[in-house]
Amino acid sequence: MEIIENSPKLVSKIPDGPLTEKWSKHKNSIKLLSPANKKKHTVLVVGTGLAGASAAASLAEMGYNVKAFCIQDSARRAHSIAAQGGINAAKNYPNDGDNVWRLFYDTIKGGDYRAREANVYRLAEVSNSIIDQCVAQGVPFAREYGGTLANRSFGGAQVSRTFYARGQTGQQLLLGAYSALMRQVHLGKVEMLPRREMLDLVKVDGKARGIIVRNLVTGDMERYAGDAVLLCTGGYGNVYYLSTNAKNSNVTAAWRCYKRGAFFGNPNYTQIHPTCIPVSGIYQSKLTLMSESLRNDGRVWVPKTKELAEQVRSGKLHPNDIKEDDRDYFLERKYPSFGNLVPRDVASRNAKYVCDEGRGVGSGLAVYLDFRDAIKEQGADTISAKYGNLFEMYEKIQGEDPYKVPMMIFPAVHYTMGGLWVDYNLMTTVPGLYALGEANFSDHGANRLGASALMQGLADGYFVVPYTLGDYLATDKPEKVDTSHPEFDKIEKEATERIDKLLAIKGKKTVLDFHRELGNLMWDYVGMSRNKEGLETAIEKISALREEFWKDVNIPGDANYYNKYLEYALRIADFLELGELMARDALVREESCGGHFREEYQVDGEAKRNDADFAFVSAWEYLNGEGERLHKEELKFENVELTQRSYK
Amino acid sequence: MSTEKMTIHLKVWRQKGPNEPGKLVDYTVNDANEHMSFLELLDWLNEALMKKGEEPIEFDHDCREGICGSCNMMINGMAHGPQRGTAACQLHMRQFKDGDTVVVEPWRATAFPLIKDLVVDRAAFDNIMAAGGYVSVNTGGYVDANAIPIPKDEAETAFDYAACIGCGACVAACPNSSASLFTAAKISQYAHLPQGHAERKKRVVAMVDQMEKEGFGDCSNHGECEAVCPKEISITAIAEMRREYIKAVL
């Protein structure tokens, strides 16, 4: 495999000057498009989650013609809707010493120094405008009695900077962005195209000029041309089969762009969230997250000994009957200064350790999250006011009352920090193709802090791309292209042939069989901890599984009507390729950082980074059927000192 | 955890397309389990059907956490099934007994035309939202968020209405197929927030008119909508909507 150090193809376009002035300077120097010229341009926005809806609405307000696409039946159902805990901003309303610098610092440190300083600083800088924007839209954030906005603390931070709307922050923010989007639909500036799945990218003269989508109701292939394509299609956690992602979340749009020349950044960086409801059986279709905010009051523990844990598992001993001395509050014990609020990667890994030691509860793959003490100290009413809806959700799924019995939790795949490589303007290596939100790699390094995903999605959509897109169009001046261009014929034909090929297999195994097998491989070998041997095994086995898929998958029905299992098969075909790239990426990175934990590189169970050799972004280039090439973007830290993360 | 097997008999509405005839088809799942969600039971059945070479049952679903509002089915005649305040995706088989027969049908309303099996088209809801379900502000240039103080109880009331997931259960349960609860929830959210006041009158008229145009019926106070709403949105929203409407047109 070819490796290109300091790749000339990765031009980050980070502006010169001091960190705190980069974004303002950049905004002052980039080109503008006049209102008269904006209306001559069409922008294709794929995905309508926080990033997509906010970008589509903002661009339409500015005068662009926008076509927005989503796979769901309505833009309002994108998976951002499921985010629970909150959104960070450096408002410092609680007067606890927060500011833009601290939010920047916490985010870059939380990401284990594997993100760009300039991008992260910009994110922190625009965070306050996001809150103002959302409040102006009528997002019903939690408030104090005096009528001001309420804040709470979140994992990985020592200040209270998280704004929230009960346990449904993502829903309320998305409905805010969706309402702005629907307003533009009403005004005729956005054409909304739901139940459409992007199957490929069309390039003309090397630039992104259109997309091929499948109409999921009729099965028809449709073509759309534009002057730029914004990919806002979320993350790819479903490559693990079981994850907290919505069932339809997938990598297809991003993967197709990768195969058309967009480099994929840090594909292995996956966030495993510590507080999810454990797996109950083979029929399990997805995992449910319990907001991290629960760790503000819940205490994480397992029995001190294997013997006690065994008694609990066999039902002979009730957790409430385990004496205080026999409980191991392992996060509080190991990390006294952050306690239960250590970042997600640390909390998850430690839960895995105690379960590996045989001290897990439930099926053996679970730890307790106990509210007994919080209820004693604050009263059940206070706890209910904070977490009532989460407790109810837990009881619905698990059939146990968390007010009386400690919750059981286990880590689950939740978010992917990796994504398409983008420059400071959020443009990929394909001119005119942008990636926003979880679909890009840019801001969270190797680990994302809680309440930062919503912040990033909205920052990209409301406050970054509306500026940077104009610069591209004003500079590039794309010529008119319509869907009769031969490139559209060619790419559409390829997409159709792919579908026909899949349908013609008529094998024995269902798509779900393959997805589950892929997920097991990913979880076992490319999951919470990785090693060389395991990663090599994964590469071999995923490749074999992919081969089997193309010989033996069974897809029901036909392509010319609503066929969910065909949609599913197309997505799994891409996941089967992505999984292998993730393993390759993890193999190359011979260090531990954030969510990427290589067993060979650790000190006493803590991740051991290697800044001298690995302070770079991995950007993978697809080489038409001949493997891939690794480009490295060196990360320069001029403002923060790289320290070993310590939450002790 | 008990892992005892349950047998569940299903009668599921199968219809190939909007212009094809539909009918209830019997299926039996012998190896269901009380910890399965209702949608996982359908997944399980679909796997078995495909292995027999039959076409699977189509249904909309996505988050499976009760928040995206994708899933929509009548279970034993009730929108989202028997458990209060619960979307079908969070309904678990422990709500049923071994040997039960369960009837599964799509939402039925003129404004929600059927696509296939249990999948319907709910674009009419988006059209109602587009007519006025927003505060008309562009991105950028706002005053500090704390410059708009909102009393905590007002914010909480607004939130109660804002919790709507747009699933359409209210329409499916209503004998008139009215979308009043859906429409009223959005109107009431903004009526309780100062940000919503500038367009208060315009909004209620536009959204109510659109609701009628889409072919939804009128509200005649049955209250079925409130009973089936997975987010337990109160029917007082509809009273608020009427008050707002009268104030707007008088």
Can you name the residue in region B:69-90 that is hydrophobic (A, V, I, L, M, F, W, C), outside any helix (DSSP H, G or I) and touching a strand residue (DSSP E or B) at 6+ places or on another chain (Cβ under 7 Å) and, of all such residues, is farthest from the other protein chains (Cβ to nearest Cβ)? B:74
Among the residues in region A:248-264, are any within 11 Å of another protein chain (Cβ to nearest Cβ) and crowded, with 22+ Cβ neighbours inside 10 Å? yes
Could you tell me whether any residue of region A:310-324 is within 29 Å of the chain's Cα centre (by Cα), among the aliphatic types (A, V, I, L, M) and assigned to a loop (DSSP other than H, G, I, E, B)? no
Only one residue in B:176, B:138 is more than 8 Å from chain A (Cβ to nearest Cβ) and touching a Ser or Thr at 6+ places or on another chain (Cβ under 9 Å), so which one is that? B:176
So, residue B:188, is that one away from every other protein chain (no Cβ under 13 Å) and at pLDDT 95 or above or not? no
Within region B:131-140, track down each residue that is aliphatic (A, V, I, L, M) and in contact (Cβ under 8 Å) with a residue 60 or more places away in the chain. B:131, B:135
From B:58, B:34, grab the single residue that is surrounded by 19 or more Cβ atoms within 10 Å (Cβ to Cβ), closer than 28 Å to residue A:195 by Cβ and touching a residue at least 24 places away in the same chain (Cβ under 8 Å). B:58
Taking the criterion of being closer than 23 Å to residue A:270 by Cβ, touching a residue at least 60 places away in the same chain (Cβ under 8 Å) and surrounded by fewer than 23 Cβ atoms within 10 Å (Cβ to Cβ), would at least one residue in region A:231-242 satisfy it? yes
Residues of region B:66-112 classified as more than 29 Å from residue A:290 (Cα to Cα) and small (Gly, Ala, Ser), total: 4
Please find, within region A:203-222, the residue that is farthest from residue B:19 (Cα to Cα) out of those that are surrounded by fewer than 18 Cβ atoms within 10 Å (Cβ to Cβ) and among the charged types (D, E, K, R). A:205
Can you find even one residue in region B:91-104 that is more than 12 Å from chain A (Cβ to nearest Cβ) and buried (at least 23 other Cβ atoms within 10 Å of the Cβ)? yes
Within 16 Å of residue A:68 (Cα to Cα) and either within 14 Å of another protein chain (Cβ to nearest Cβ) or in a loop (DSSP other than H, G, I, E, B) (or both): does that describe residue A:198? no
Would you mention how many residues in region A:361-378 are out of contact with any Asp or Glu (no Cβ under 7 Å at 6 or more places or on another chain), away from chain B (no Cβ under 14 Å), surrounded by 21 or more Cβ atoms within 10 Å (Cβ to Cβ) and not hydroxyl-bearing (Ser, Thr, Tyr)? 3
Could you list all residues from region A:451-469 that are farther than 18 Å from residue B:139 by Cα and either aliphatic (A, V, I, L, M) or surrounded by fewer than 24 Cβ atoms within 10 Å (Cβ to Cβ) (or both)? A:451, A:453
Please state which of the following conditions residue B:23 fails to meet, knowing it meets all the rest: (1) touching a strand residue (DSSP E or B) at 6+ places or on another chain (Cβ under 8 Å); (2) at the interface with chain A (Cβ under 8 Å from one of its Cβ atoms); (3) over 27 Å from residue A:70 (Cα atoms). (2)
Within region B:32-52, take every residue that is part of a strand (DSSP E or B) and at pLDDT 95 or above and give me the one that is farthest from residue A:396 (Cα to Cα). B:32
Residue, modelled with the lowest pLDDT, within region A:401-458, restricted to residues that are within 26 Å of residue A:585 (Cα to Cα) and among the aromatic types (Phe, Trp, Tyr): A:410
Working only within region A:130-140, note down all residues that are more than 7 Å from chain B (Cβ to nearest Cβ) and surrounded by fewer than 24 Cβ atoms within 10 Å (Cβ to Cβ). none
Answer with yes or no whether residue A:183 is at the interface with another protein chain (Cβ under 7 Å from one of its Cβ atoms), among the basic types (Lys, Arg) and touching a residue at least 24 places away in the same chain (Cβ under 8 Å). yes
Number of the condition not met by residue A:98 [criteria: (1) within 14 Å of another protein chain (Cβ to nearest Cβ); (2) buried (at least 22 other Cβ atoms within 10 Å of the Cβ); (3) over 24 Å from residue A:25 (Cβ atoms); (4) not small (Gly, Ala, Ser)]: (1)
Among the listed residues B:17, B:66, identify the single one that is within 12 Å of another protein chain (Cβ to nearest Cβ) and either surrounded by fewer than 22 Cβ atoms within 10 Å (Cβ to Cβ) or in a strand (DSSP E or B) (or both). B:17
Return the only residue of A:293, A:348 being in contact with a His (Cβ under 8 Å, 6 or more places away or on another chain) and outside any loop (DSSP other than H, G, I, E, B). A:348
Enumerated helices (runs of 4 or more DSSP H) restricted to region A:7-79, each holding at least 2 residues that are within 24 Å of residue A:189 (Cα to Cα), within 14 Å of chain B (Cβ to nearest Cβ) and at pLDDT 95 or above: A:50-62
Helices (runs of 4 or more DSSP H) wholly inside region A:353-458 containing at least 3 residues that are within 28 Å of residue A:175 (Cβ to Cβ) and of a type outside the set (S, T, N, Q): A:380-398, A:453-458
Just one of the numbered conditions (1) more than 7 Å from every other protein chain (Cβ to nearest Cβ); (2) surrounded by 17 or more Cβ atoms within 10 Å (Cβ to Cβ) is not true of residue B:53; which one? (2)
Checking residue A:575 against (1) out of contact with any His (no Cβ under 9 Å at 6 or more places or on another chain); (2) under 23 Å from residue A:248 (Cβ atoms), the condition it does not meet: (1)
Could you tell me how many of the residues in region A:142-178 are farther than 30 Å from residue A:335 by Cα, at the interface with chain B (Cβ under 8 Å from one of its Cβ atoms) and under 23 Å from the mean Cα position of the chain (by Cα)? 4
Where residue B:111 falls short, out of the listed (1) farther than 18 Å from residue B:37 by Cβ; (2) at the interface with chain A (Cβ under 9 Å from one of its Cβ atoms); (3) in a loop (DSSP other than H, G, I, E, B); (4) in contact (Cβ under 8 Å) with a residue 24 or more places away in the chain: (2)
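The values are calculated or read from the model by the stated rules, or taken from the named source; none is laboratory data. Please read all numbers here as calculations on a predicted model, not as lab measurements. Here Cβ is always computed from backbone atoms with ideal geometry, including for glycine, and neighbour counts include all displayed protein chains.
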